[in-house]
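S.K.: So that we are looking at the same thing, I have put the structure below in C-alpha cells.
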Amino acid sequence: MNLNIYNTLMLVGIIQGLIFVLAVSTSKKYQSESTTYLLMMILAFTVNNLEYFINDSQLVSVRFFFDYLYIPVASLSAVFFYFYVRQLLFPEKRITKKLRLLYLPFLLFLIASIIFKCLMAIVPSGNQDQLREFFWDLYLFQEFFSWAFSVVLIVRSYILVRKYEQTTAKADHLHSPMHLRWLKATISILAFFLCVVWVALTILDMMELEPSYYILWIGMAITVYWLGHIGIYKFGIAREREEIREYATHINDENPTAGIQQNKKNAPPKNKNIDLLQHFIIVEKNFLDNNLTLEKTADALNLNKSYLSRIFNQEMTIGFSDYINQLRVEEAKKYLHNPDFENYTLVAIGLEAGFNSKTTFNNAFKKFTGKTPSEYKKELHKKTQSAFPSKMQIR
C-alpha cells in the first residue's frame, strides 16, 4: 500500500463527500430536483475519486482493479452538474427524454466494462493480456471523451446562467434574481482545471515527464465539495425567500395601503405628484426592486429627474436613497417580527425586502434603527422570552 499526504487528502475528501451526500439526502429541508442532481454529481465525483485513490494507493493491483472494480463514472459528473444548474435556474422546466440522452455515453462505457469483466471470467488466461490491452485503449478513449464531454457541458451550464440573468430580472422586477457570482466562479474554476491543468498534465504525460495529477484531482475535489456546501446554502436562502414572498403578498392583499398611510403622516403631500410617487413606490411595491433608481422612477412617472429629486429633497425633506431604504427596513422589520421566520437567514430577509446584498442591508438597517439586523433580532428574541417565561422560570 502506497499512502502519502496527497492521496490521504483525497481519502479525507471522499469520506467528507459521502457524509455530505448522506446528511443532505436524508434532510426534508433540502428535497428538490436541483439538490438531487447536486448530490448525484457529488456522489459520482466521489466514486471517481475513490477509484483513483484505490489505484494510486495500490490498495489492490492495477490488474485486479480494472478486472473487477472499475466503473466508468467519469462522464456522469458533468451531466449531473448540467442538470443541477438547469433545475436550479429553471425549476419549472423538466428534464426531457432528449436531454436524458446525455446519459448514453456512461451507459455505453458501462456496458463495455461489464462485457470486459464477463469475458475475463471465461476467456483462458493465455488470451487475457490481449483483452486487457484492448480494454486499456478503450479506457483511454473514455477518459479523453469524458474530458471533452465535460468541457461542452460546462460551457452549456455557463450559457444557462447568462440566459437566466438576461430573462429573470425582466420577468419579475420586484424581486431580485439569485446572485450567481458563486456559480459563475465555480464554473470558471472547473473550466480552468479541465481546459488548462488537465491539458498541461496530459502534454507532460505524453512527453514522458511523469507529471503529478494530484493537483488536478485535489483542486477539482475542493471545488466540487465547496459547490456542494454553498449550493445547499443558496438553495436554503431561495426557499426562505419564496416563503417570505408568499407571506408578504398575503399581508399586502389584506391591507395594500398600510405603508402609504404611515408615510403620509411623516410627509403630507403638497402636490399630486407626491401621491403618484407614493403610489408607484409603496402601493405598487416598487421599493422592493433592488434595481430601482431615481432615474427609473422619474421615467415611470413621466417626470423630469431633477424635478423629482427636488420633490424628495425640498417637499419630502428626504433623499431618494434614504426614502427607499427606510421603506425596505420597515419591510424587513415586519419579517423579523414574524415568529414563522425566526430561524430564517438575515440574507433571505434582506434580499426579499429589496436590498441587493447583506452589506447594504446591514448598513441601511443600522442607519435607521441604530442596530444591525442581528442585534435587532436578538433584542426581539429577549423580549419574547421575557413576555413568555419558560416553565422553569414560572416555578
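S.K.: I'd like to verify a number: residues in the range 122-161 that are of a type in the set (Lys, Arg) and at pLDDT 90 or above, how many?
M.R.: Keep residues of the range 122-161 that are of a type in the set (Lys, Arg), which gives 132, 156.
Adding the requirement that they be at pLDDT 90 or above leaves 156.
So the answer is 1.
S.K.: Within the range 338-359, can you find the residues that are farther than 16 Å from Asn325 by Cα and part of a loop (DSSP other than H, G, I, E, B)?
M.R.: Asn338, Glu342, Asn343, Tyr344, Thr345
S.K.: Asn291 versus (1) at pLDDT below 90; (2) of a type outside the set (Lys, Arg); (3) in a helix (DSSP H, G or I): which is the lone unmet condition?
M.R.: Answer for Asn291: the failing condition is (3).
S.K.: Just name the residue that is surrounded by the fewest Cβ atoms within 10 Å (Cβ to Cβ) out of those in the range 309-324 that are more than 39 Å from the chain's Cα centre (by Cα) and not polar (S, T, N, Q). Don't jump to the end; show me each part of the working.
M.R.: Just the residues of the range 309-324 that are more than 39 Å from the chain's Cα centre (by Cα), to begin with: 310-311, 313-317.
With the extra rule that they be not polar (S, T, N, Q), the set shrinks to 310-311, 315-316.
Working: Arg310: 12, Ile311: 19, Glu315: 16, Met316: 20.
Ranking the candidates gives Arg310 first.
S.K.: Considering only the range 81-90, I want to know if a residue exists there that is of a type outside the set (A, V, I, L, M, F, W, C), within 20 Å of Leu138 (Cα to Cα) and touching a Phe, Trp or Tyr at 6+ places or on another chain (Cβ under 9 Å). It would help to see each step written out before you state the result.
M.R.: First, pick out the residues of the range 81-90 that are of a type outside the set (A, V, I, L, M, F, W, C): 82, 84, 86-87.
Restricting the remaining residues to those that are within 20 Å of Leu138 (Cα to Cα) gives none.
So far as the range 81-90 goes, no, none of its residues is of a type outside the set (A, V, I, L, M, F, W, C), within 20 Å of Leu138 (Cα to Cα) and touching a Phe, Trp or Tyr at 6+ places or on another chain (Cβ under 9 Å).
S.K.: Same structure again: Can you run down the residue pairs with Cβ atoms below 8 Å, 6 or more apart or on separate chains, where the first is in the range 308-320 and among the aliphatic types (A, V, I, L, M) and the partner is loosely packed, with under 14 Cβ neighbours inside 10 Å and outside any helix (DSSP H, G or I)?
M.R.: Ile311/Asn271
S.K.: Please list, ordered by first then second residue, the pairs with beta carbon atoms under 8 Å, 6 or more apart or interchain, first in the range 276-291 and closer than 16 Å to Arg241 by Cβ and assigned by TED's automatic domain parsing to the domain that holds Glu331, second of a type in the set (Val, Ile, Thr) and modelled with pLDDT of 85 or more.
M.R.: Filtered contacts from the range 276-291: no entries.
S.K.: Could you pull out every one of the helices (runs of 4 or more DSSP H) wholly within the range 11-113 that has 3 or more residues that are modelled with pLDDT under 90 and more than 19 Å from the chain's Cα centre (by Cα)? Lay out the reasoning, then the answer.
M.R.: On the way: elements: 33-56, 76-89, 97-100.
Result: 33-56.
S.K.: Another question, if that's okay. Just one of Leu110, Leu99, Leu119 is in the same structural domain as Thr35 (by TED's automatic domain parsing), surrounded by 14 or more Cβ atoms within 10 Å (Cβ to Cβ) and within 13 Å of Phe66 (Cβ to Cβ); which is it?
M.R.: Details: Leu110 fails: within 13 Å of Phe66 (Cβ to Cβ); Leu99 fails: within 13 Å of Phe66 (Cβ to Cβ).
None of the others qualify; the one that does is Leu119.
S.K.: While we're on this one: Please go through the range 225-241 and give me each residue that is of a type outside the set (Gly, Ala, Ser) and touching a Leu at 6+ places or on another chain (Cβ under 7 Å), ordered by number. Quick ask: steps written out before the conclusion?
M.R.: So the first thing to find is which residues in the range 225-241 are of a type outside the set (Gly, Ala, Ser), and the list is 225-227, 229-230, 232-235, 237, 239-241.
Matches in the range 225-241: Arg241 only.
S.K.: Starting from the range 212-226, keep only residues that are closer than 13 Å to Tyr52 by Cβ, then list their pairs with residues that are among the polar types (S, T, N, Q) whose Cβ atoms are within a distance under 8 Å, requiring at least 6 positions of separation or different chains.
M.R.: Within 8 Å, the pairs are Tyr214/Asn7; Trp217/Asn49; Ala221/Asn49.
S.K.: Test Val161 against the criterion of being under 36 Å from the mean Cα position of the chain (by Cα), of a type in the set (A, V, I, L, M, F, W, C) and part of a helix (DSSP H, G or I), and give yes or no. Spell out the reasoning first.
M.R.: Details: under 36 Å from the mean Cα position of the chain (by Cα): yes; of a type in the set (A, V, I, L, M, F, W, C): yes; part of a helix (DSSP H, G or I): yes.
For Val161, the condition - under 36 Å from the mean Cα position of the chain (by Cα), of a type in the set (A, V, I, L, M, F, W, C) and part of a helix (DSSP H, G or I) - is met.
The values are calculated or read from the model by the stated rules, or taken from the named source; none is laboratory data. What you see is a predicted model, and the numbers here were worked out from it, not measured in a lab. With ideal geometry, Cβ positions are generated from the backbone for all residues, glycine too; neighbour counts draw on all protein chains shown.
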